[in-house]
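Below you'll find the structure, written out as structure tokens, and then a few comments.
The values are calculated or read from the model by the stated rules, or taken from the named source; none is laboratory data. Remember, it's a predicted structure, so these values are computed and weren't measured experimentally. Note: ideal-geometry Cβ built from the backbone for every residue, glycine included; neighbour counts use all protein chains shown.
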Amino acid sequence: RLKFEPSVGGLENSDGCACGCRLFFSLHYHNLARYLFITLAFAGLLSTGWFGIPLIPQYFVSDQINIVTGIFTLFSALGTIWGVMAYREFTKSIQLVIDARDAARRLDHMIGEYEYKSYNPVTRDYEAGFVPSAPINFWDKEIQVPAWMDKGKYWHMLLRLRGARREVRLIVVKDSDLPFNSGTQNAAVTTREKVNVGETRTLRYTYAVRIPQWLVMNTDRKRFAEGVGGDQLAKLVADLNRKIVAASDEVAEWERQRIRHPWSAMKLRIYLNKSLPLRIVYRQVIKNFPGAKRQRIEETNANLADVKDDELIASLLELASEKGIPRSRIEMLQLLIKFLKYSYARLGLGEGASEYHSFHHSLEVSYMTMHMVPREFQRIRFRPKDYEIALVAALLHDYDPAQPLASHEGFKGPSVARTMQEISRTRILDAYFTMGWEEFANYFREFQSPLSSTQEFATTHPEYVKVAEIPTESMIVETLIWRTDFPFFQQKLAKEMFARLQQELTSRGENAGKTKLLAEILWLADLAVTYMGSDRVRVWDRVTNLYDELSLPKLEAVPRTDAFFADFVEKEPYSTLFERLINNKEFPYVFRKQWNLIYQFFHEGNPSTELNETIANARKMYLRANLEIGMRSGEMLRTMAIDNWSEFFIGMSKDQNEVFKAKSRFSELEPQNASAFWGDTEKLLPAIPDRSIDNFFMVLPEHSAPFTGIESKSSFRSMLTVISKKLTSDGAFRILTDLEKESTEFRELVLLSNEAGLQLATSKGKTYFPKDWHDPEFRHDRNPQIVVLVPN
């Protein structure tokens with residue numbers, strides 16, 4: 001990695017300083033609070049007994065009580081309750097953090113001690129810990145993270161903190177930098193920092209939140225495969241993921257309050273708020289209010305990708321109830337979901353897993369299926385039984401316990417063929433549709449020995465299934481699952497089994513059209529849920545995780561995903577079916593809105609909003625924001641970025657390969673002051689905010705100069721007109737070309753520039769282009785020249 005030491009000539013117009021306001025998530029202070037509240041509980045208990053016991057005989061003897069003593073007794077009892085509940089809350093908070101760290105250290109004994117430094121372009125210095133310093137999107141290839149860190153966990157934490165509507169910098173540091181093991185034993189530290197920016201010395205505050213490395217630890221099993229056995233590793237990873245999620249949520253909850261109320265005097269308020277019994281009781285009671293269940297579904301719709309498994313399960317079952325599935329069948333679904341939850345956890349694919357095909361994905365597909373299946377469609381009415389069958393199929397469509405063992409070079413995800421083998425072996429569908437609740441619960445119990453306790457949801461007992469013939473419901477579910485194989489139209493076995501099962505169902509008197517439609521809806525829900533349940537940034541993370549499972553290059557995620565969309569968005573009859581389903585009045589608007597944004601993101605490659613965000617952030621962090629149009633060589637732009645490290649450089653090109661290669665080169669820069677975008681200049685350039693670019697660059701060989709036809713001249717003039725509006729008042733458009741000054745083409749360039757509001761600069765100023773750079777398409781018998789155009 002390239003290192004650039006800060007110099008006096010860096011960001012002369014910026015400086016940063018801490019305001020001295022440091023707030024801690026301190027285990028030491030938590031312990032003091034625990035001791036305080038347990039003391040309050042005992043004092044309240046003694047006070048209640050001391051004053052309350054004499055009131056009882058007094059009331060029976062005289063039928064009266066001392067009001068003052070009664071009030072004192074009441075408040076003593078309330079103090080006891082407050083003390084006990086607050087003690088429990090602070091104990092739970094401490095234990096969540098300690099358990100997460102201990103579980104992380106069991107797998108990686110160095111976590112929390114890794115050395116890492118990041119360059120901060122605002123303060124012009126290196127600071128301890130990881131923090132993305134470039135203004136580009138966090139999920140872009142240029143933003144590289146240490147091997148021990150998980151980008152998804154970092155982003156989840158940052159989103160939780162940003163909810164406080166403040167500018168937040170999340171810094172991942174060593175335990176000793178907090179410190180965690182000594183003194184106040186901090187699990188997180190929030191600092192309010194004052195930063196002066198620009199020539200006007202504009203004052204703004206940023207909130208730097210420092211967290212330990214193990215809260216964002218990379219739990220990819222490949223990191224630990226050599227040191228721990230398969231089954232044991234899966235259990236350790238599943239346990240760690242669950243504890244990291246719980247601990248990071250606890251830390252985020254505390255730090256959000258500190259960001260919202262960053263004054264030292266508010267520390268007491270935050271601790272009191274955590275301890276109040278009314279707040280604790282309210283959270284439990286509110287769940288049972290009449291409108292709370294519908295509100296919970298709306299919240300799940302808005303945060304489908306980030307909602308916890310248990311919350312998603314609650315919303316899924318509530319939605320199933322709304323669809324008319326009887327309570328008795330809901331209870332059966334609860335048993336099935338609990339078994340799947342424990343099974344996925346044992347595989348390391350439970351809560352907090354970063355793999356694409358995790359338990360959360362199966363829940364998402366189930367939830368989306370419930371929303372996508374309408375009450376009536378094409379004169380086919382769907383009954384509660386149909387919703388239940390679709391839900392069971394969605395829950396089981398990726399259930400493949402052999403997935404980790406069968407992983408090899410190539411496809412690493414679940415296999416529909418193995419899923420169907422597992423369903424046949426365990427007879428789980430037959431058990432679900434033929435057993436009662438008690439029988440089905442017993443079907444999942446493991447009886448090891450008379451002396452040991454029974455383990456719930458630990459195994460299956462196919463021998464308990466009494467029916468010999470496969471129930472019709474089981475056959476419908478199998479039909480639906482075969483239809484989810486991907487890519488279905490290239491899977492010979494899946495197509496054969498789907499057709500065979502449909503024929504069998506028709507012979508049993510089932511509606512083949514309804515089964516086919518239900519299967520296609522489940523297929524569409526499986527394909528589209530990732531893109532409907534997330535913002536474009538989280539979608540990018542999940543899609544690249546999927547590409548990792550498929551052993552495909554992540555750099556192809558945009559073009560391949562766009563082609564993937566074409567299978568069901570642009571090809572008949574599925575495009576019409578999909579469009580009608582998502583435009584149904586019963587389908588949530590939030591999913592439809594997300595889909596439109598995500599489809600645009602992948603269909604256009606890189607949306608203008610992504611580019612604009614990068615430009616806006618670059619103008620805050622660097623002296624200038626510069627953009628090369630039609631980037632021909634990422635190496636040239638990289639050299640310019642190295643030579644001018646206090647400025648930010650953006651390359652824009654329609655050449656995918658060059659953009660991908662440039663991103664790889666730019667990822668080695670430090671500071672990361674360059675980025676590349678794949679897109680059409682004519683589409684992206686007009687959307688850039690006016691007066692936001694300091695320098696435009698272009699390499700213009702003579703043989704490709706657009707001065708030969710009326711259409712090409714008009715297009716070039718339009719581009720120059722747009723550029724004149726996007727340049728800052730002292731900005732310039734710099735062209736490296738092999739045109740001769742006396743040539744007709746050069747005069748044409750000057751004429752078009754004048755018509756577009758640009759003129760030749762009297763002074764060329766800073767060169768920028770690398771010395772002696774010679775484009776391969778330049779004529780070898782000429783020396784390139786730099787043409788500088790500035791606004792009139």
Only one of Ser358, Ser315 is assigned by TED's automatic domain parsing to the domain that holds Leu396, surrounded by 20 or more Cβ atoms within 10 Å (Cβ to Cβ), modelled with pLDDT of 85 or more and touching a Ser or Thr at 6+ places or on another chain (Cβ under 8 Å); which?
Ser315
Quick check on region 655-668. Is at least one of its residues surrounded by 20 or more Cβ atoms within 10 Å (Cβ to Cβ) and over 26 Å from the mean Cα position of the chain (by Cα)?
no
Could you figure out which of (1) surrounded by fewer than 19 Cβ atoms within 10 Å (Cβ to Cβ); (2) touching a Lys or Arg at 6+ places or on another chain (Cβ under 8 Å) isn't true of Gln64?
(2)
Might you check whether a residue that is over 30 Å from Thr737 (Cα atoms) and at pLDDT below 65 occurs anywhere in region 578-596?
no
Flag if Val722 is under 23 Å from Met652 (Cβ atoms) and in contact with a Gly (Cβ under 8 Å, 6 or more places away or on another chain):
no
Just checking, how many residues over region 643-668 are modelled with pLDDT of 95 or more and part of a helix (DSSP H, G or I)?
0
Conditions (1) part of a helix (DSSP H, G or I); (2) under 25 Å from Thr472 (Cα atoms): number failed by Asp398
(1)
Is it the case that Glu520 is charged (D, E, K, R), surrounded by fewer than 21 Cβ atoms within 10 Å (Cβ to Cβ), over 27 Å from Glu167 (Cα atoms) and modelled with pLDDT of 90 or more?
yes
Region 114-141: number of residues that are of a type in the set (Asp, Glu), assigned to a strand (DSSP E or B) and either at pLDDT below 85 or assigned by TED's automatic domain parsing to the domain that holds Arg624 (or both)
1
Give just the number: which of (1) assigned to a loop (DSSP other than H, G, I, E, B); (2) surrounded by 13 or more Cβ atoms within 10 Å (Cβ to Cβ) does Pro686 not satisfy?
(1)
Out of (1) closer than 22 Å to Val373 by Cβ; (2) part of a helix (DSSP H, G or I), what's the single condition that is false for Asp485?
(2)
In region 471-502, how many are at pLDDT 95 or above, in contact with a helix residue (DSSP H, G or I) (Cβ under 8 Å, 6 or more places away or on another chain) and of a type in the set (Asp, Glu)?
2
Among the residues of region 496-508, are any assigned by TED's automatic domain parsing to the domain that holds Ile582 and under 23 Å from Met372 (Cα atoms)?
yes
When Tyr768 is run through (1) outside any strand (DSSP E or B); (2) farther than 17 Å from Glu628 by Cβ; (3) under 39 Å from the mean Cα position of the chain (by Cα); (4) not acidic (Asp, Glu), the failure sits at (2)
Complete set of residues in region 739-763 that are surrounded by 13 or more Cβ atoms within 10 Å (Cβ to Cβ) and in a helix (DSSP H, G or I)
Glu745, Phe746, Arg747, Glu748, Leu749, Val750, Leu751, Leu752, Ser753, Asn754
When region 366-393 is checked residue by residue, the ones that are aromatic (Phe, Trp, Tyr) and out of contact with any Lys or Arg (no Cβ under 7 Å at 6 or more places or on another chain) are Tyr367, Phe377
Meets criteria (surrounded by 14 or more Cβ atoms within 10 Å (Cβ to Cβ), over 30 Å from Pro588 (Cβ atoms), of a type in the set (A, V, I, L, M, F, W, C) and at pLDDT below 90) for Ala225
no
For region 258-270 the number of residues that are part of a helix (DSSP H, G or I) and surrounded by fewer than 19 Cβ atoms within 10 Å (Cβ to Cβ) is 8
When the residues of region 564-577 are filtered to those that are of a type outside the set (A, V, I, L, M) and part of a helix (DSSP H, G or I), which remaining residue is modelled with the highest pLDDT?
Thr576
